[in-house]
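Laboratory data are not the source of any read-out in this text; all were calculated from the coordinates shown. Small disclaimer: the values here were computed from a predicted structure and weren't measured. Here Cβ is always computed from backbone atoms with ideal geometry, including for glycine, and neighbour counts include all displayed protein chains.
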Amino acid sequence: MCGLIGFLAAHSDAPETREAIEASLVQMRHRGPDDGGSWSDDDVVIGFRRLSLIDWEHSHQPLPYLDGRYHLIFNGEIYNYVELRAELRDRFGAEFATEGDGEAIVAGYHYLGEDVVTRLRGMFSFFIWDSQEKVVFGARDWFGIKPLYTYTDARGSFFSSEKKTLLAVAEPGESKDVNLEALQHYLTLQYVPEPASMHNGITRIDSGTSFTIRPGQVPVTKRYFAPDFPIKPVSEPDRLYHQIAEALRDSVAKHMRSDFTVGSFLSGGIDSTAVAALAKEHNPKLLTFTTGFERAGFSEIDVAAESAAVIGVDHITKVVTPQEMMDSLPLIVWYLDDPVADPALVPLYFVAREARKHVKVVLSGEGADELFGGYTIYREPISLRHLTAAPDPVKKLLAALSTRLPEGIRGKDLLRRASIGIEERYYGNARIFRPEEMQSLLKTYDPAVSYTDVTAPHYAASHHLDDSTRMQYIDLFTWLRGDILVKADKMTMANSLELRVPFLDTVVFDVARSIPVDQKLTKETTKYALRRALEDIVPAHVINRPKLGFPVPTRPWLKDIMYDWAHSIISEAGTTHLIDRQGALDLLAAHRAGPHDYSRKIWTLLVFMIWHGIFVEGRIRPEIPEPVYPVAL
């Protein structure tokens, strides 16, 4: 887990940008406090910050291969690197100067070509310069666990793990302006959907995508992974449950590979509990970590502690106060690069900070819901099937009735959603501002911009699937990589902590993708097959517990202890050319007065306003701590 930045010059004048590249590395030292370096020739400049976990005495980057023909910078971990190195040695006589996973990538590229990405089991973004062929080859992992931003100007093309480093090297002008289309999507979805960023000139390499680029040319991208769901009926359920358990057990075993102690996050849910229980099979002294708040209904500390006791692991907790939330938010937004309005970022930041006092690596349960059908909303097509199957005149009647019902009346949204198709109805787990709400609040509102611009290609690609599985498919390209994985990467890397996600593994996905709907969703529960598979692994008090995650009490706090804080952020924000200030203040006042809950809308505005104050106005300047942490085996 590290940070990279690479530059390919358009006209063989790379050395002129070396100083800027090296200076920009300082801004992502939190991603790699253990080591750093840069290398250049006439065409490229590459820089690296390392958090050393495998072959820590060697495997320094930038990493040369074949007498310097290739140079690699690589962020992530390859969990099958031992097997891949052995195969390359046996088949091709490959030689290695290190014992690390990075060398397996560059050697694999030399012997297998671009297809090497399909052989990598792990999380990664990388940049390989072939000085003989004068070409860069790079890629981002299957699910988008590791970020990779890109920016191009007349000098050439830049790639980096952190957008802020590209802002540091970007030429002044339009490239640093706010992307108004991205802003509109953010206000709907609570994140900026890929491949865009909140700045006009900077984009992201898509998940599951590789690219090649030659001097003076634009990158040529290739999607090497397009998730498919070849659903099959289950004739032997017990066999399926066994396959799920064994795939996850194998994935956790691979994810435990490290020269340093691996810990695990532990909430009160089935996903993180399963990962922790399986991790303990490899580390009897496993440490687990959780976080919560001193407010009833907003903490899983007690449940996590009970799970830790049953599993038999040592457990550490961190309680987050509202003052800590308010004080830390500007720094958290700085680490994010782009605004993500998920309040769960805050407890994740603090539990990562606590974990880093004890370990350099943690496992977590991200991805289980998207792969195994864990969100309650995935049951909606089943619960609405009698209404959605109604004739069009009936649906029009439902839509009309919905518009006549007052805001907040139970059933209003149900009628609206039943009257429209899945392609219009579902665009992810977060639904913040509706178009009519944005129209009155956003001064730059463009009615031609719609969330369907983001989801339409993915719905087209999944037209053959049932509606619940299509929702999973949409989330793989939107919610998972736009919210879940961004906050997982950014909040742990902010604390120089590596987060590994065993559910987001190609072997686990290969089993999950064929599970039929009736094995994922029932009237009583979600993730049915996964729960059955984990019955002998996860404590009984967790196996059927509803999903809670790391809930944050923003609703009550924005009414009282956070009200003045939120009011000052809105009042001082330099975003009046984008967002109507009085409209935002009215929303805050209405939330305080009740009875409606506008906390998610308010939080979305607050995060954007802080982001704008940092990255556009330069008015807010968080104090960035030095990443000094223990490095014990």
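Remarks
- Overall form of the range 70-132 per C-alpha gyration tensor (a/c, 1.5; a/b vs b/c): rounded
- Nearest-0.05 FRET efficiency for Asp564 and Lys443, computed from C-beta distance (R0 22 Å): 0.30
- Mean Cβ neighbour count within 10 Å, used as a protection proxy, ranking 375-384, 527-536 highest first: 527-536, 375-384
- Length released on extending from Glu436 to Glu623, taking residue separation times 0.36 nm less the Cα-Cα span: 63.5 nm
- Inter-label distance for Ile409 and Asp597, nm, one decimal - labels placed 7 Å from Cα along Cα-to-Cβ: 2.1 nm
- Pairs from the table (Lys490/Lys527; Lys232/Lys487; Lys490/Lys601; Lys163/Lys357) lying more than 24 angstrom apart at Cα are Lys490/Lys527; Lys232/Lys487; Lys163/Lys357.
- Volume per residue of the convex hull around the Cα atoms, evaluated for the chain, comes out as 152 Å³.
- Just so you know, the averaged projected area of the alpha carbon convex hull for the range 376-476 sits at 7.4 nm².
- Viscosity 0.692 mPa s, temperature 37 °C, Stokes-Einstein D of the range 554-615 from Kirkwood C-alpha radius, µm²/s: 286 µm²/s
- Its Cα centre serving as origin, the chain has a Cβ charge dipole (Lys and Arg +1, Asp and Glu -1) of approximately 1760 debye.
- Overall Cα dimensions of the range 285-359 - principal axes, largest extent first, Å: 39, 30, 18
- Cβ charges +1 (Lys, Arg) and -1 (Asp, Glu), total dipole of the range 554-615, debye: 160 debye
- Ranked by how many other beta carbons lie within 10 Å on average, peptides 615-627, 184-196 from highest: 184-196, 615-627
- For the range 133-270, convex hull of alpha carbons as volume per residue, Å³: 217 Å³
- Here, P(r) means the percent of Cα pairs in each 5 Å bin from 0 to the largest distance; for the range 17-157 it is 2, 9, 20, 24, 22, 15, 6, 2, 0.
- In the chain, taking the dipole from charged Cβ atoms about the Cα centre, the farthest positive-side position among Leu287, Leu534, Leu387 is held by Leu387.
- Packing here is the average count of other Cβ atoms within 10 Å per residue, and on that basis the peptides 278-284, 32-38, highest first, run 32-38, 278-284.
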